[in-house]
Amino acid sequence: MQGNTACAEGALAAGCRFFGGYPITPSTEVAEHMALKLPKTGGVFIQMEDEIASIAAVIGASWTGVRAMTATSGPGFSLMMENLGFAVITETPCVVVNIQRGGPSTGQPTMAAQGDMLQCRFGSHGDYSVIALSPASVQEMYDLTAEAFNLSDRFRVPVFVMADEIIGHMREKLVVPDTVPRQERKLLKKGDLPFRAGDDLVPGFPTFGKGYSVHVTGLTHDERGYPCATSPSVHEDLVNRLVDKVESARDAISSADIVNPDARVVFISYGAPSRAVQQVLHDTSRDDIGHLRLKLVWPFAESLLSRFPDAETFIVPELNLGQMAREIQRHTDRTVIPVPKLGGALHNPSDLAGLLEEVA
Amino acid sequence: MTYADWFREDRLPHIYCVGCGNGTVINCTLSAVDQMGWEKEETVFVSGIGCSSRAPGYIVTDSLHTTHGRAIAFATGIKMANPDLRVIVFTGDGDLAAIGGNHFIHACRRNIDLTVVCMNNMIYGMTGGQGSPTTPPGALSTTTPYGSGEAAFDLCGLAAAAGANYVARYTSYHVKELTRAVRGGLENPGFSFIEALVQCPTNYGRRNKFRQVMDQIEYFKSHALLVQKADRMREEGKKIPDDMIIIGILARRNRPALGVRK
Amino acid sequence: MRLVIDERRCKGCNLCTLVCPYRIFRPGTTANRRGVIVPELDRPERCANCRLQRLYGRTLCGVCQMICPDQAISWEEEGACEPVKVAIEY
């Protein structure tokens, strides 16, 4: 099965019942498959007039209590940024699949890239925190998309599935599980203030149409949900909570594959470059090479680095100019070597092996 | 129950300036909603950004105050995901016709079952009185200090041409008629668009020879021309002055609608 | 029923003085504690809605209430009062 189709199937298995989208290469197959399958499951597919409207419709649908998603690529992702900030401040669960392509601008529509990794984390204005997953196989397109809905409902944040054109258009064997784990949205208790959170920092969800009479606004709001845009303390408390609810859970939700924790040289990768690294590890006869493959990229859990106590060097191959390498460097005093790659082609395993010989 | 029961009493008085027509349009809309006998639980108000868009915050139902221009797109998602909800959109001229113009015409084309009430004050009020797509030619604003040199949008004509099922225009002076028009929109399946011209004494009126709140209301009163009368005048070959405001139900039809309650 | 203007809400735009067919509102003269010059009532017994809405069971005119942008006009129950002679103007 193709990666994009697996993504759509994973969403359907997770109970996604609303898809608002706009055609954009290389993500269209997700929308096409949803258009085919959603009506048969009682869901709604709607093709909106642009990506701004797509994410808007997804957020609107999410407030009626359904699991909703959209899929896009670079240019569309840029258009969504404002409304993603709206989803953050209103704490709306939604899943956005970004099948990354070469940028900036129209760039390389049919070629892979990982250039939106910082955009998905910081692209909208203001301070906030989100969750981003990065699949490296067709199987993970299915599994991680399904997981994205659980994370989104649990933390009430937009969750990004940051795939790339290679994974999206790759065909591999997919094992469809009988059921996918499902964690439902915590609903607001009647009588509670709609934006007052408990210890988990995530307030219950006041679904529209259930008599909560909740006012949801993109303005800074107090715990009643009423606009309160000029009080410094209300804004500070709100933004701190929005960030902390995700960041405080970063070790708990971190998800990565760890190979050879005793290694001296460790590759760190996510998405398509992981496959080149796997090939290097497969081909090499050395036993001091490790691999940290991030499945959950944001929030970046720096504790993962300490799982390699003997590591002297981290090598980070990415299909960009070192976006995550910068984040990794921030958390360690060991050597971090970014291996940037632009243009759409994957790292050649022999190049990575050659680099390995130079480093150690 | 009366329309007054729909207000979020703890948030009143609202932030609108002295004499702002938006409050009047909220009264008329809520009165129409109340006449329909709808439950608060099944009614959702959606809005974008601007003076008009603060309205849902004063209404005690579920409400979504969204980003600039995107209210109709958010409302589309709500309505499609749960057609049992009654979705009403409050918007302004800048919100609807400038930044949200694309969402507006596509919602008309889809003929999705929403009621959109546009408070057209012919200016960007919240940001301090800049020219909008409906600022009449020659009118002064902070960004058209020598008079607007652009033609203004005919929002109702746009909605009707794009396929909306129900289109009406009134002003904040015509409270009874406006209430009836909104009610007509709520009853009519498909996309209903009600344009309510409102006075903005703070930012439009004081720059355009309506120094008092009442001056602009008097203007609405004297320059309103019922559509039936305008049609008759055209038939008789009489010229309708350019500054007349054509009011009334401008379109009512029964094209297939999307997202209608099952 | 008695018409009341909620001074906490009224912002003094005087639109009610413009639309009332009985002319029971007139612009006020003195500012209240909030600095708002609230309109005054001029012989409100002339208002048909005030006198007859109870009898008819519905709002008879109510234009002032509808146009009031600040939701400041409402009617409340009257207590027992002295009968007053009403001069009907034609």
Requested in this report: Report the dimensions of the stretch B:23-252 along its three principal axes from the alpha-carbon atoms, largest first, rounded to Å.
Outcome: 47, 42, 30
Report summary line: Exposure-ranked with fewest Cβ neighbours within 10 Å first, A:Asp287, B:Asp242 stand as B:Asp242, A:Asp287
Query raised in the report: What lysines sit close enough to B:Lys238 to cross-link, taking a C-alpha to C-alpha distance under 23 Å and skipping anything fewer than 8 places away on the same chain?
Result: B:Lys221, B:Lys229
Query - chain A: angle of helix A:3-13 to the longest principal axis, Cα-based, in degrees nearest 10 - result: 40 degrees
Query raised in the report: Taking K and R as +1 and D and E as -1, what net charge do the other residues with C-beta under 15 Å from the C-beta of A:Asp310 add up to?
Result: -1
Query raised in the report: Simple spin-label model, 7 Å along Cα-to-Cβ: B:Arg211 to A:Gln183 in nm?
Result: 6.6 nm
**Report entry** All aspartates and glutamates inside 19 Å of B:Lys209 as judged from Cα atoms, apart from same-chain residues fewer than 8 positions distant
**Finding:** B:Glu218, B:Asp242, B:Asp243
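Going by how many other beta carbons lie within 10 Å of each one, how would you line up A:Glu51, B:Glu218, A:Glu357, fewest first?
Details: A:Glu51 24, B:Glu218 15, A:Glu357 9.
In increasing order of surrounding Cβ atoms, one gets A:Glu357, B:Glu218, A:Glu51.
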Query raised in the report: Picking from A:Ala249, A:Ala229, A:Ala113, which is most flexible by a Gaussian network model of chain A using Cα springs under 10 Å?
Result: A:Ala229
Report summary line: Given a Förster distance of 56 Å, the FRET efficiency implied by the Cβ-Cβ spacing of A:Thr41 and B:Arg232, rounded to the nearest 0.05, works out to 0.55
**Report entry** Residue of B:Ile247, B:Ile217, B:Ile15 that the Gaussian network model of chain B assigns the largest fluctuation, springs spanning Cα pairs under 10 Å
**Finding:** B:Ile15
Query raised in the report: When only C-alpha pairs under 8 Å and at least 6 residues apart count, what is the relative contact order of the stretch B:23-252, in percent?
Result: 18 percent
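Given axes a ≥ b ≥ c from the Cα gyration tensor, I'd like to know whether the stretch A:1-139 is rounded (a/c under 1.5), prolate (a/b larger than b/c) or oblate.
Oblate is the answer for the stretch A:1-139, as a/c is 1.5 or above yet b/c matches or exceeds a/b.
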Query raised in the report: Between the stretch C:12-90 and the stretch B:46-87, how many Å separate their Cα centres?
Result: 34 Å
Requested in this report: Give the angle, between 0 and 90 degrees and rounded to the nearest 10, that separates the Cα long axis of helix A:74-89 from the longest principal axis of the Cα atoms of chain A.
Outcome: 50 degrees
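Checking a compactness column here: for the protein assembly as shown, what do you get for Rg(Cα) / (2.2 N^0.38 Å), N being the number of residues? Write out the running numbers ahead of the final one.
Numbers: Rg = 29.6 Å, N = 712, 2.2 N^0.38 = 26.7 Å.
That works out to 1.11 for the protein assembly as shown.
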Query raised in the report: What is the log10 of I(q)/I(0) for the stretch A:221-293, computed with the Debye formula using one identical point scatterer on each Cα and no solvent, at q = 0.13, 0.22, 0.24, 0.28 Å⁻¹?
Result: -0.58, -0.94, -1.03, -1.17
Query - Nearest-20 debye value, the stretch C:2-76 charge dipole, Cβ charges on Lys, Arg, Asp, Glu - result: 80 debye
**Report entry** Per-pair calculated FRET efficiency, R0 = 60 Å: A:Thr335 and B:Asp154 via Cβ, rounded to 0.05
**Finding:** 0.35
**Report entry** aspartates and glutamates with Cα under 12 Å of A:Lys341, excluding same-chain neighbours fewer than 8 positions away
**Finding:** A:Glu318, A:Asp351
Requested in this report: Go through A:Thr70, A:Thr28, A:Ala136 and say which Cα lies farthest out towards the positive end of the charge dipole of the stretch A:3-169; charges sit on Cβ, +1 for Lys and Arg, -1 for Asp and Glu.
Outcome: A:Thr70
Query - Tilt relative to chain A, helix A:138-155 - C-alpha long axis, 0 to 90 degrees, to 10 - result: 40 degrees
Report summary line: With Cα springs under 10 Å, the Gaussian network model of chain A assigns the largest mean-square fluctuation among A:Ala345, A:Ala132, A:Ala146 to A:Ala345
Report summary line: The Kirkwood hydrodynamic radius of the stretch A:121-197, taken as the inverse of the mean 1/r over all distinct Cα pairs, in Å, comes to 14.7 Å
Requested in this report: Please label the shape of chain A as rounded, prolate or oblate, based on the square roots a ≥ b ≥ c of the eigenvalues of the alpha-carbon gyration tensor (a/c under 1.5 means rounded; beyond that, a/b larger than b/c means prolate, else oblate).
Outcome: prolate
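Lys and Arg at +1, Asp and Glu at -1: add these up for the other residues within a Cβ distance under 10 Å of C:Cys10 and post the number. Mind showing how you got there, number by number?
Numbers: positive: C:Arg8, C:Arg9, C:Lys11, C:Arg34; negative: C:Asp6, C:Glu7, C:Asp70.
Around C:Cys10, the surrounding residues sum to +1.
Determine the percent antiparallel among the DSSP beta bridges restricted to the protein assembly as shown, to the nearest 5.
Counting DSSP beta bridges with both partners in the protein assembly as shown, the antiparallel share is about 25 percent.
Once you charge only the Cβ atoms, +1 for Lys and Arg and -1 for Asp and Glu, what is the size of the charge dipole of the stretch A:3-169 about its Cα centre, to the nearest 20 debye?
On the way: 8 positive and 16 negative charges, 67 e Å.
Here the stretch A:3-169 has a charge dipole of around 320 debye.
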Query raised in the report: Which entries of A:Lys190/A:Lys245; B:Lys40/B:Lys79; A:Lys189/A:Lys210; A:Lys186/A:Lys210; B:Lys176/C:Lys85 show an alpha-carbon separation above 20 angstrom in the structure shown?
Result: A:Lys190/A:Lys245; B:Lys176/C:Lys85
Query raised in the report: Can you sort B:Thr24, B:Thr143 so the residue with the fewest Cβ neighbours within 10 Å comes first?
Result: B:Thr143, B:Thr24
Query raised in the report: Considering only DSSP beta bridges whose two residues both sit in the stretch A:3-169, what percent are antiparallel, to the nearest 5?
Result: 10 percent
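For the protein assembly as shown, what is the charge dipole size about the Cα centre, in debye to the nearest 20, if Lys and Arg each add +1 at the Cβ and Asp and Glu each add -1 at the Cβ?
On the way: 73 positive and 78 negative charges, 605 e Å.
Computed about the Cα centre, the dipole is about 2900 debye.
Values in this text are rule-based calculations from the coordinates and carry no lab data. Model, not experiment: these values are computed from the prediction. Note that each Cβ is placed from the backbone with ideal geometry, even for glycine, and that neighbours are counted across all protein chains shown.
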